[in-house]
1. Count neighbours as other Cβ atoms within 10 Å of each site's Cβ, and list the trypsin sites (Lys or Arg not before Pro) in segment 185-249 that are DSSP loop with at most 10 such neighbours.
2. Using the 10 angstrom Cβ neighbour count as an exposure proxy, how do 360, 216 rank, fewest first?
3. In debye to the nearest 20, how big a dipole does segment 197-363 give about its Cα centre with +1 on each Lys and Arg Cβ and -1 on each Asp and Glu Cβ?
4. Short version: what are the Cα gyration tensor semi-axes of segment 215-286, square root of 5 times each eigenvalue, largest first, in whole Å?
5. Antiparallel as a % of all DSSP beta bridges within segment 197-363, to the nearest 5?
6. Over the alpha-carbon set of segment 197-363, work out the extent along each principal axis and list the three values in angstrom, largest first.
7. Where the centre of each part is set by its Cα atoms, how far does segment 139-159 sit from segment 163-217, in angstrom?
8. First check a/c for segment 224-263, with a ≥ b ≥ c the square roots of the eigenvalues of its C-alpha gyration tensor; if it is under 1.5, answer rounded, and if not, answer prolate when a/b is larger than b/c or oblate otherwise.
Amino acid sequence: MTVTEDQGIQRTRPGQHIRLTQYAHGGGCACKIPPGELEDVMSGLVGARSPGSPGSPGSPGSVGGLVVGLDDGDDAAAVRIDGDRAVLATADFFTPVVDDAYDWGRIATANALSDIYAMGGQPVVALNLLGWPRDVLPMDVASEVLRGGLDVARTAGCHVAGGHSVDDPEPKYGMAVTGIADAHRLLRNDAGTAGQPLTLTKPLGLGVLNNRHKATGEVSPAAIEVMAELNRDAARAAVELGARCATDVTGFGFLGHLHKLARASGVGAVVYAGQIPYVDGAREALAQGYVSGGTRRNLEWVRPHVDPRGGDSGRTADLDESELLLLADAQTSGGLLVAGEIPGHPVVGELVPAWSGDVTVAVR
């Protein structure tokens, strides 16, 4: 990357090809605060009495009641606004995951909207969240990022009504999104029951492909299209088929999000390793060593809760470390993980009665 220097500030030259991923220390959801550290930070806030808690104004079953909040780390907050409707609220932003500004905007918006879909809702209005190194990167590049976000929001039928921007040493983009849902048909991560199949609606492997892109500039068109795809249709199908438990698979990886779902639901989960789909090229990128620090931290956090030898069944998947890393791979704008069968998408496991001890996930 060729730059000029002016008073210690690196600036791009007019017309220069800009590799946005080189302006950030991490990329996409792989730059999240590690899950273990985040849970420690949030531990003092979970369980605190809120306006929707029993004994305080607005119980969960009443108008204004908080239906879903902090306790289980679900994808969005849900507040009942009348007998049948809930308003959903979420926010998500991250550093560049690809070099192309328009594609980054598309991906970041699909990722932010995904939290609403993961709750079984429909996004209604979104606000842009933009951090931009205005002395380093041209503002017309920021305009391309916002254009990509606007186009995806329009596809989703979601209004974009302004937002907030700051001068930031690293570029960051995302959205705060408000949506609505049927209060009686929410998808939540604490509603799983033993005996339900687990469906995954997008392939894994986005993290290693994104890490290779950042390191080499090699573009994976398949990964970009997977990340920019909305989870809208999968969410609608899940709700219509009666599913009540789901989450999306993003920065904490498949194993991390499944562990959180099983823990919140008080069940165990069995993964069929051979049924997991991967984006083309993901295994090659893994073999080449393009594993992010976020993915390694994911595996370190979830490892005590995962039995790679299949739980108490006596069967073994004989998984090596590379397979576990793929299952813990930090995804950006990944698919939905649904407790229920969704036609057209692979069943990758099942929920089972909880085991004793700390293990929540067994891989077979």
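Quick note: the coordinates plus some simple rules give every number you see, no bench work behind them. Note that the structure is predicted; figures quoted are calculated from it, not measured. Neighbour counts run over all protein chains shown; Cβ positions are idealised from the backbone, glycine included.
1. Passing sites in segment 185-249 do not exist.
2. On the way: 360 25, 216 11.
With the fewest neighbours first, 360, 216 line up as 216, 360.
3. Numbers: 14 positive and 19 negative charges, 78 e Å.
With only Lys, Arg, Asp and Glu charged at Cβ, the dipole is about 380 debye.
4. The three semi-axes for segment 215-286 are 26, 18, 11 Å.
5. Values: 14 of 20 bridges.
In segment 197-363, approximately 70 percent of DSSP beta bridges are antiparallel ones.
6. 45, 36, 23
7. 17
8. On the way: a/c = 4.22, a/b = 1.07, b/c = 3.96.
Oblate is the answer for segment 224-263, as a/c is 1.5 or above yet b/c matches or exceeds a/b.
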